[in-house]
Each structure stands twice: as C-alpha cells, then as structure tokens.
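Just below is one structure, and these are the notes that go with it.
Any read-out appearing in this document is the output of simple, stated calculations on the displayed coordinates, not a laboratory observation. Since this is a predicted model, take the numbers as computed values, not measurements. Note that each Cβ is placed from the backbone with ideal geometry, even for glycine, and that neighbours are counted across all protein chains shown.
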C-alpha cells in the first residue's frame, strides 16, 4: 500500500510524520511506500478562520489529484486544522482519504475516555475541534485560551518550541485535567510534538501523529485497504 500525505501544514509536523513513519515501518518490518504533497499552511489557516470549507476542499482535491499518479492508494491530511473541511474534501476526493479525527474518536471509545482536553490552533480550540467528535465531550483551556493558541501558532510557524512555550502547554494541559475533569489531553495540533516529544508531563497525552501512524502500519500489515 502506497501512502500519500498532504504535508507542509506545518513543516515541522510533516518532518515528524516522515521520520516516525520510517521508524514505525522499520520496527514492524514492513516496506514503506510514501509520497508527500506540499500544501500552503497559511492559506489553510486563513480559510479555516473564515470557515471556507468548500474553497479549502477544492485546494485539497487538487493535491489529491496528483497522488494517485505517484502510486498512492490512501491519503492523509497532516493537520487537524485541515479536517475542518474533511466531509467536503472526502466528497470530491479522487482517492481514499483517511479520517484523521475518526481515529481519535475510536481511540477514546476503546480506552474509556469520555472528556478530552485539547491543545492546538485558534480555530481548533474555538470550535471544539470543529465539532467533529460526536461521542466525546471536548474541553479547551480556560484562563490560558489566548496564550495557548498564540504560542502554538508561533511554534508552528518557526518550527521551534521554547521552554516557556512548553511550560505553558504543560500547565494548560494539567489545568484541564484538574479543573475541567478531562481524562486525557489531545495534541490537536500536529506541531505539538515539538513541545511534547521525549517529555513526561503528569497527565495522559494522546498524540495524534502516533494514532495516525499506528493506523497506517496496521493497514499495511493486513495487506492494505479493506
């Protein structure tokens, strides 16, 4: 099975997907066949802020049109913000598109997570992850709302996480556990690996990239799409 990624959303997250896919497929002793199609992060953020679902879906469809020619069998949008127009994109996609948020909901159901705190971009927080999680209660940072999304965007744009930014994310995550009874905190921004990779916060963290990669490895292990 050949995997297609719509990357560049932002660049640090794309690099993380790439390096972690290599490691995961090597560990599973499976061949990795992969193509990455670059998309514009700033244009995505603007359309998401303005809820231009159809316009962004058409942009994604243009990228998706190219991937089958490279041999791709399935595609994934490597940004949670990019899922704000998932249904619209799926409707016009020329190929199978992985439901990146559906995987989150399945994981929460299977692991008894009923209330989920989220960290991520402004639109992701303002819309409670675009209302895409139907069976999980979503909570967002309260007192730190503005500072969290602002720090996230700066980190995503620069590809660098300062110690101050890391501590802000950790404090916001812990507050959602302590004050809002979240069972876990979702890294609902794929660049958050810059802050959380190789760290041990005192709360349960759900890494979206890890969920996506595990799903892709499982698909290849059983012989591809079913």
In this structure, the FRET efficiency calculated for residue 114 and residue 222 from their beta-carbon separation, with R0 = 30 Å, to the nearest 0.05, is 0.50
Where in segment 1-22 is the amide nitrogen less than 12 Å from a point lying 7 Å along the Cα-to-Cβ axis of residue 66?
-> 5-8
In whole percent, what relative contact order does segment 169-226 give with Cα contacts below 8 Å and a gap of six or more residues?
-> 32
Quick calc: nm separation of the 7 Å Cα→Cβ label points for residue 202 and residue 174 -> 0.5
Ranked output for segments 204-211, 1-8 by mean other Cβ atoms within 10 Å, highest leading, reads 1-8, 204-211
Give, in nm to one decimal, the length gained when the segment between residue 210 and residue 54 is fully stretched (0.36 nm per residue of separation minus the Cα-Cα distance).
-> 53.3 nm
Segment 122-190-segment 17-47 distance, computed between alpha-carbon centres (Å) | 23
Hey, rough spin-label estimate for residue 28 and residue 106, points 7 angstrom out along Cα→Cβ, what's it come to in nanometres?
-> 1.2
When the gyration tensor of the chain is built from Cα positions, what are the square roots of 5 times its three eigenvalues, in whole Å, from largest to smallest?
-> 27, 20, 17
